[in-house]
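In what follows, a single structure is set out as structure tokens and then discussed.
The values are calculated or read from the model by the stated rules, or taken from the named source; none is laboratory data. If you're wondering where the values come from, they're calculated on a predicted model, not measured in any experiment. Glycine gets a Cβ as well: all are built from the backbone with ideal geometry, and neighbour counts include every protein chain shown. Calculation scope for accessible area: heavy atoms of the full protein, side chains included, ligands and nucleic acids excluded. Shrake-Rupley method; radii C 1.70, N 1.55, O 1.52, S 1.80 Å.
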Amino acid sequence: MAVTHLKHGKPAADRAEDDAKTAEAVAATLKDIEARGDAAVRELANKFDGYDRETYRLSQDEIDALIAKVPPRDLEDLKFAQAQVVNFARAQRASMTDIEVETLPGVILGHKNIPVQSVGCYVPGGKFPMVASAHMSVATAKVAGVPRIIACTPPFKGEPNPAVIAAMHLGGADEIYVLGGIQAVGAMALGTETIAPVHLLVGPGNAFVAEAKRQLFGRVGIDLFAGPTETMVIADDTVDAELCATDLLGQAEHGYNSPAVLVTNSRKLAEGTLREIDRLLEILPTADTARTSWQDYGEVILCDTYDEMLALADDIASEHVQVMTDRDDWFLEHMTCYGALFLGARTNVANGDKVIGTNHTLPTKKAGRYTGGLWVGKFLKTHSYQRILTDEAAASIGAYGSRLCMLEGFVGHAEQCNIRVRRYGGVNVPYGAAAEPFSDA
């Protein structure tokens, strides 16, 4: 494979050292929240958010007052975006059906899709108020039928962000708290004197929020292991450098550690994109953040063939993959590891992030190899059930079960089957023995 790196990102060893420091800080903070509850949460909110109030849960009057501050056009846009997310989530939910089948005469098997009973939705907002994240988590959980949905978001410039609160409320949140960071996800997962714990945590966040979710996994469910925003542009000479540079920097502005990668088979496009990025960083208002991300985590990779581009893209398994080539459908057909695909120059990641209707909470750090992103199905648990309707079926299945249990040495298991063979089949199986093949003839 002829692959040339025209620009490298930060070495993997340096990234691992950063992750280790984050993990240590998160572990200590979660331990403190578990031990001291509301007192620890309050101290953390004061320390990191500079925000204190008698209770961090907003009252209905406060929610109404905040929504009233949202300009009419902004509220209309917010409702439009939420409607797109809800419509797609409803279509996804309709695709998930309960089933019941008779696999053998008298043997009924089935499954039910049951909503998770309580969900904690984290909506980032300390640096950028992530209004869209409320649609992706709260509104989607509502479509799934979750009975209790709580939502946390940090204060923005010292107070709750009206648009974020509006999106949470309109999406269907039952409880809204103005809390950010580790203290928010820790309180939702572990519970405090005033916040009942949830069964599932969802939503994106910074490195500390992502690590807190990772450490809490097992005590509660999580949507996925989500790290910093990642973007990849797969492009050939059917598009220009300005478009590629804009799409790369548009995601690099998320944070100081947001990987942005160009994979191309055109040296002209690769070199032109590097020049365009330098030009755009001189005029982009969020350049301070985007420049650091690009310097430390940006990559430009030149391949010889489309097959090489495909193999490399699947290996990197980026969160967002923008495909702009003369064979976009070919990439859609053959790519297997990614968060979400954005096909063609008319499409872009920002639309997916904010309005088009697909969910923007997506796998990062190669997690796209084994999971997709947040969707209505993440809020549903598929539970199986079994029912045997006839004596003949009970005895027949029981005889198979008896012998298979004895094969593994589980005598007590075998007796669960044997007692059915005796009662419903009228066959005398000695205690602790394997049943003979049963026939109702």
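Here are a few things to note about the model shown:
- The phi torsions of the range 92-100, fed into the Karplus equation with coefficients 6.51, -1.76 and 1.60 and a -60° offset, translate into couplings of 5, 4, 5, 7, 9, 10, 6, 10, 8 Hz, rounded to whole numbers, with Gly and Pro shown as x.
- Comparing Glu62, Glu271, Glu408 in a Gaussian network model of the chain (Cα springs below 10 Å), the most mobile by mean-square fluctuation is Glu408.
- Projecting label points 7 angstrom from Cα along Cα→Cβ for Arg267 and Ile419 puts them 7.8 nm apart.
- Residue-by-residue Karplus 3J(HN,Hα) for the range 379-385, coefficients 6.51, -1.76, 1.60, Hz, glycine and proline x: 8, 10, 10, 9, 10, 8, 8
- Protein heavy-atom surface of the range 236-359, 1.4 angstrom probe: 48% of the accessible area is carbon and sulfur, with nucleic acids and ligands not counted.
- Normalised per residue, the accessible area of the range 105-245 is 30 Å², obtained with a 1.4 Å probe and no contribution from ligands, DNA or RNA.
- Antiparallel bridges, percent of DSSP beta bridges restricted to the chain (to nearest 5): 40
- When Phe410, Phe128, Phe80 are compared by accessible area of protein heavy atoms, the largest-first order is Phe80, Phe410, Phe128, using a 1.4 Å probe.
- The overall shape of the range 34-143 is oblate: from the C-alpha gyration tensor, with semi-axes ordered a ≥ b ≥ c, the ratio a/c is 1.5 or greater and a/b is no larger than b/c.
- In terms of accessible area, using a 1.4 Å probe and ignoring ligands and nucleic acids, Arg214, Arg422, Arg327, Arg219 rank largest first as Arg219, Arg214, Arg327, Arg422.
- Contour excess over end-to-end distance, with Cα ends at Ala65 and Lys157 and 0.36 nm allotted per residue: 31.4 nm
- The residues Tyr370, Tyr51, sorted by heavy-atom accessible surface at 1.4 Å with ligands and nucleic acids left out, run Tyr370, Tyr51 from largest to smallest.
- The trypsin sites (Lys or Arg not before Pro) of the range 136-186 that DSSP puts in a loop, and whose beta carbon has at most 15 other beta carbons within 10 Å, are Lys157.
- Computed FRET value (nearest 0.05) for Arg403 with Ile356, which takes r as the C-beta separation and R₀ as 51 Å: 0.40
- Cα gyration tensor shape of the range 193-267, rounded if a/c is under 1.5, else prolate or oblate by comparing a/b with b/c: prolate
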